[in-house]
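**Student:** Would you mind keeping the following structure in view while I ask a few things?
The values are calculated or read from the model by the stated rules, or taken from the named source; none is laboratory data. Since the model is a prediction, treat every value here as computed from it, not as a measurement. Neighbour counts run over all protein chains shown; Cβ positions are idealised from the backbone, glycine included. Calculation scope for accessible area: heavy atoms of the full protein, side chains included, ligands and nucleic acids excluded. Shrake-Rupley method; radii C 1.70, N 1.55, O 1.52, S 1.80 Å.
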Amino acid sequence: MRGIDVQPRDLFSYIQLEQRVPSQHPLRAIRKMVDVALSEMDSLFTRMYSDTGRPSIAPERLLRAQTLQILYTVRSERQLMEQINFNLLFRWFVGLELDDEVWDATVFCHNRDRLLTHDVAEMFFEQIKAQADAGELLSKEHFSTDGTLLDAAASIKSFKRKDTDDTSGGGTNSDTQEPAGQGRNVEVDFHGEQFSNATHQSSTDGEARLYRKAKGKEAKLSFMGHLLTENRNGLIVQARVSQATGTAEREVSLEMLDAESGSSRRTLAADKNYDTKAFVADCRKRKVTPHVAQKKHTAIDGRTTRHEGYEISIKKRKQIEECFGWMKDIGLMRKLRHRGKKLVNQLFLFTAAAYNLVRMRRLLA
């Protein structure tokens, strides 16, 4: 029998928003872990906000919305607000009722960025990590480290000499220093010009650095993201952003090792870039056995490589590439949308926490 096409005319719904979400939906377990973390951060939020004045967006809702943007690869805050407006699943996760008004995208960005300047991302990341530790998902002895380039939110045309007064952000001719064209995207002739981070700086993001990933690759304005993962389940235990330099990977890895508490004897797996005498010596001073991939002229010998644990670490260290891949493809970290090392570091930490949430949901299930 053919059904009847009747246009809906009901003004009220008698089904709660909670009932619209399937009981086995993956976001239910993630929302539970996020709410536990936010409840532990309540005292921090109380200190951050004044008791007087006009109420702002609740920080808990801001952080839940930010988590959704990362999990569902929503490319802009304006699109996120549109999704929250008509997507019942998004409304439920954030904590909005059906009749609640969705925020303006600009207001959301201002409130979110102001919240992240108070090191909220570090606290959120640590709370998620604490839940993983309570579930016995973390190894205290075996770790892996690596770094990756993050494409800065700045064009190569903004990379100009520091001694010029041009701050417009447009392109200039290298000989006359006059605009080479009209409009936003002017033509620039870089032929014969020598670029250096010592003499040039981006007028869009002054903290980004020009860096070449490898020989034969193009140089880009970039930051460098660093991760320290444990080898039991591949969860992220430390995450940081630095300026892109040739030694940043090894320097930041040692800083993350110092920040991560563990047993008296630990191992650290890494790729060939870490196989240097200085890095190996610094690891051993910290009672950390460097399980680094060997170069032709290696800094480690058979005393390290003969053990079965070395082969296990070399295999386990590849798990860190899964973290980078997820954070870049799903978490929108491949091409940065924000400027400044501090804000990029906060969002990098938040994306690392989101990755842990996805992994923990499967592991705890």
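**Student:** Kyte-Doolittle mean at least 0.0 and Cα extent at least 20 Å along the axis: which DSSP H helices of the chain qualify?
**Tutor:** 26-40, 120-134, 341-364
**Student:** Would you list which aspartates and glutamates come within 14 Å of LYS295, measuring only between C-alpha atoms, while excluding same-chain residues fewer than 8 positions from it?
**Tutor:** Answer for LYS295, where 14 Å is the Cα cut-off: ASP271, ASP275, listed by chain and number.
**Student:** Once fully extended, how much extra length lies between GLU122 and ASP35, figured as 0.36 nm per residue of separation less the alpha-carbon to alpha-carbon distance?
**Tutor:** Between GLU122 and ASP35, full extension yields 29.7 nm more.
**Student:** Oh, and also: Determine, at each q value in 0.13, 0.15 (inverse angstroms), the log₁₀ of I(q)/I(0) that the Debye formula gives when each Cα of the chain is one equal point scatterer.
**Tutor:** Results for the chain at q = 0.13, 0.15 Å⁻¹ read -1.11, -1.30.
**Student:** I've got another one for you. Under the rule a/c < 1.5 gives rounded, and otherwise a/b versus b/c splits prolate from oblate, where does region 72-158 land using the Cα gyration tensor?
**Tutor:** Taking the square roots of the gyration eigenvalues as a ≥ b ≥ c, region 72-158 is oblate.
**Student:** Could you calculate the contour length gain from THR298 to ASP113, that is, 0.36 nm times the residue separation minus the distance between their Cα atoms, to one decimal place in nm?
**Tutor:** Answer, rounded to one decimal: 62.1 nm.
**Student:** Using the beta-carbon distance between ALA259 and MET48 and R0 = 22 Å, what value does 1/(1 + (r/R0)^6) give for FRET efficiency, to the nearest 0.05?
**Tutor:** About 0.40, to the nearest 0.05.
**Student:** Something else now. Tell me, what is the FRET efficiency for LYS162 and ASP189 to the nearest 0.05, using R0 = 22 angstrom and their Cβ-Cβ distance as r?
**Tutor:** 0.65
**Student:** Arranged from highest to lowest average of other beta-carbon atoms within 10 Å per residue, in what order do the peptides 49-55, 220-226, 352-358, 35-41 appear?
**Tutor:** Ranked from most to least packed, the peptides come out as 352-358, 220-226, 35-41, 49-55.
**Student:** May I pose another question? Within the chain, what percent of beta bridges assigned by DSSP are antiparallel, to the nearest 5?
**Tutor:** Bridges in the chain that DSSP calls antiparallel: roughly 75 percent.
**Student:** Please report the projected area of region 206-335's Cα convex hull averaged over all directions, in nm².
**Tutor:** 9.0
**Student:** When we measure straight from the Cα of LYS162, which lysines land under 28 angstrom away, once same-chain ones fewer than 8 places off are left out?
**Tutor:** Of all the lysines, those that pass the test against LYS162 - Cα under 28 Å, at least 8 places apart if same chain - are LYS213, LYS215, LYS217, LYS220, LYS335, LYS341, LYS342.
**Student:** Just the number please: accessible area per residue for the chain, 1.4 Å probe, all protein chains included, in Å².
**Tutor:** Using a 1.4 Å probe on heavy atoms only, each residue of the chain averages 56 Å².
**Student:** Dipole size in debye (nearest 20) for the chain around its Cα centre, Lys and Arg Cβ +1, Asp and Glu Cβ -1?
**Tutor:** Charge dipole, the chain, about its Cα centre: 1440 debye, nearest 20.
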